[in-house]
Amino acid sequence: MSPVLVILQKEWADLRRHRLLMLSMMAPAVVFLLLPFALVILVPLLDPSGWNDRNVQRMAELLGRAEPDLRRVDPLLVFHIYIFRQFTLMFLLIPILGALSIATYSIVGEKQNRTLEPLLATPIRTTELLWGKSLAAALPATLLTWITFGLYVLLMRALSPAEVLPHVVNPVGLSLIFLIGPLVAILSLGLGVIVSSRAKDPRTAQQIGVLLILPIMALFIMQMRGFFLLRARWVWLGAAVLLALDVIVLKIGARLFQRETILTRWT
Amino acid sequence: MITTRALTKVYDGTVAVQALTMEIRSGEIFGLLGPNGAGKTTTVRMLAALISPTSGEAVIAGYRVGEQDAAIRRLVGIVTEAPGLYERLSARENLEIYAKLYGVSNVARQVEKYLRLLELWDRRDDPVGTFSKGMKQKLALARALVHEPKVLLLDEPTSGLDPQMTKVVREFIADLKGQGRTILLCTHNLDEAERLCDRILVLKTRPIALDTPQALRRRLFGRRVIVTLEAVTDRILERVRALDFVLDVQQEDRRLLIALSDPERQNPILVRALVEVGAAIRFLTEEEHSLEEIYLRLIEEDGGTSVLPSASDRAEASSAR
């Protein structure tokens, strides 16, 4: 069996039994899945006129400019589309938090438990070890994002008017989830490897790594305030930038992930 | 099996190991002793091809460290200072991972063999986190052996274990020697080194002494017999000093400490001479120096501070009593 697969198997066997880590990965996914539905159902009920505030109107205007057929749609439906689109952006936090949690736990945890030395004494190459750990972090985080998005779509079909779905599951939404999602997962785990090389416990590593959330939150707030509307070409441009960042971060991570460096310099 | 020549490791200008030259023969247990920070773990790491030497060379079974590291890792098994086990995984899973990483052909058979040998089979599916320290150490040994390595590097394998478990692990190590494996044993436990090691190297960044414990004992302390008498008189002392083979005589109450070059041959002559001058001999024994005394003498002579009381301290304490 390939050493990468052995590491992958080991990481997942360990992950399955780490309930707290599993919970910390699942919790944001559940929140991001349910919160938009709670908002579209509860806000108009609790505040029958207030929901259609200046921000929503500005967004409706932006949406109408980008997609003229939305100008004729009921404002409440535009509100639904607006909320669901916003939360599609929030879904990017799932791969960031998931990959970061697993990567930092997997590396800092090994440092803490002093399991790296016997592992590095085996014939495994450090690149194979890094690949195994990276896949073990990126795959579940990405899969969780996709599964949550799948449930999101199913719930939207079940609970929202039919006009909403095509405006959310569009090239922008799909690119965010299926293109940007894996790329931010890789960036997150790459950063996790770098931060883990210095951090003494997983929590510290995660706190530093959580800085990655800031750009997503900035986009979320700016779009919520109606400053701009995320377009497909911007998403693709973002993907190109992320790809470049991924390559840089992984190269730095691979450089740090050397037997001697791990054993003698990682503190 | 293991040869090093002027092996040196420097970390950021700090010398961890300096000019270590040694040869560990196939099938022997070789002890590496030294104070904390003496470079024992660094030496083990270099020999396990985990870190590369700054200068000098190390060759293991014909493979050169730094050049043929993958081959070295295949034939070396290592027990690190901490067991380093995956605590959420079972004993069996822990061994399976390593057996697969080492490319063992029949993983299940090897895992079962070592779990049974180390009496962990009944707990094979329990998470390692529920194991006692001794059980974890045994599992770490099983992990080091699962790929049947020719060379074993053991870094403090009995550290922190209770006496009973220490004995179990120690006996297991002695058995491994019987299987023809070459073992490098780093330890602070001098009694353990004495019991297990064929030869020892005292390391304090650079090698201080290398030999069998017996040879070191002779080299440092010579050989002395202790004769306990009913009473020591001047006549007895004069008679002993007059014997040409006696190298030195010291009196401690009713005991004579007599340095000899060949006690086996000279003891009968000494006893006859003592009886001739009317000495009543109660006991005659050879003075024993523990490995601890040898070790501390070596470290002290090298500029270290001995933790044993000096001869003057002992005399002072004795007079105070």
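A short reminder: the numbers here are calculations on the coordinates, not readings from a lab. Not measured: the values here are computed from a predicted model. Here the Cβ positions follow ideal geometry from the backbone for every residue, glycine too, while neighbour counts run over all protein chains shown.
A few notes on this one:
- Pair A:Leu237, A:Met224: separation of 7 Å Cα→Cβ label points (nm): 2.4 nm
- Fraction of the pair-distance distribution of region B:217-286 above 20 Å, Cα-Cα pairs, percent: 17 percent
- Among beta bridges that DSSP assigns inside chain B, antiparallel share in %, nearest 5: 70 percent
- Unit charges at the beta carbon, dipole of region A:3-264: most positive-side option, A:Gly150, A:Leu179, A:Pro123: A:Pro123
- Exercise: per-residue mean of other protein chain Cβ atoms within 10 Å, A:248-259: 1
- Taking 0.692 mPa s as the viscosity and 37 °C as the temperature, the Stokes-Einstein diffusion coefficient of chain B based on its alpha-carbon Kirkwood radius rounds to 146 µm²/s.
- The rule of thumb for compact globular proteins, 2.2 N^0.38 Å, goes into the C-alpha radius of gyration of region B:92-172 1.05 times.
- Under 12 Å from A:Lys200, Cα to Cα: aspartates and glutamates that are on another chain or at least 8 residues apart: A:Glu110
- Put the Cα centre of region B:164-194 next to the Cα centre of region A:24-86 and the gap is 70 Å.
- Taking the DSSP bridge list for the protein assembly as shown and keeping only pairs wholly inside it, about 70 percent are antiparallel.
- Cα centre as origin, Lys/Arg/Asp/Glu Cβ charges: region A:57-165 dipole, Debye: 120 debye
- Other protein chain C-beta atoms within 10 Å of residue C-beta, averaged over B:40-52: 3.
- Residue among A:Ser49, A:Ser175, A:Ser101 with the largest mean-square fluctuation in a Gaussian network model of chain A, springs linking Cα atoms under 10 Å: A:Ser49
- Among A:Val249, A:Val241, A:Val78: highest mean-square fluctuation, GNM of chain A, C-alpha pairs under 10 Å: A:Val241
- Computed about its Cα centre, the charge dipole of the protein assembly as shown is approximately 1640 debye, with only Lys, Arg, Asp and Glu carrying charge at their Cβ.
- Cβ-Cβ distance of A:Lys200 and A:Ser24, R₀ of 30 Å, FRET efficiency by 1/(1 + (r/R0)^6): the value works out to about 0.95.
- FRET E, pair B:Asp211, B:Val275, Förster distance 22 Å, beta-carbon r, rounded to 0.05: 0.05
- Using a cut-off of 20 Å between Cα atoms, the listed pairs B:Lys40/B:Lys204; A:Lys111/A:Lys133; A:Lys111/B:Lys136; B:Lys9/B:Lys177; B:Lys40/B:Lys138; B:Lys113/B:Lys150 include B:Lys9/B:Lys177; B:Lys40/B:Lys138 as exceeding that distance.
- Normalised contact order of region B:2-211, rounded percent, pairs of Cα under 8 Å and 6 or more residues apart: 31 percent
- Compactness ratio for the protein assembly as shown: Cα radius of gyration over 2.2 N^0.38 Å (N = residue count) comes to 1.41.
- Gaussian network model of chain B, Cα within-10 Å springs - most flexible of B:Glu148, B:Glu156, B:Glu67: B:Glu67
- Using only the C-alpha atoms, the convex hull of region B:1-133 corresponds to 141 Å³ per residue.
- Where chymotrypsin sites (Phe, Trp or Tyr not before Pro) fall in DSSP loop in region A:181-267, at most 15 other Cβ within 10 Å: A:Phe227, A:Phe228
- Label point 7 Å beyond Cα of A:Gln112 along Cβ direction - residues of region A:1-32 with amide nitrogen under 19 Å: A:11-27
- Within chain A, helix-based [θ] at 222 nm, where runs of 4 or more DSSP H residues each add -39,500 (n - 2.57), nearest 500: -25500 deg cm²/dmol
- Over region B:179-231: Kirkwood hydrodynamic radius from C-alpha pairwise inverse distances, Å: 13.4 Å
- Peptide A:102-115 - average C-beta neighbours from other chains (10 Å radius): 2
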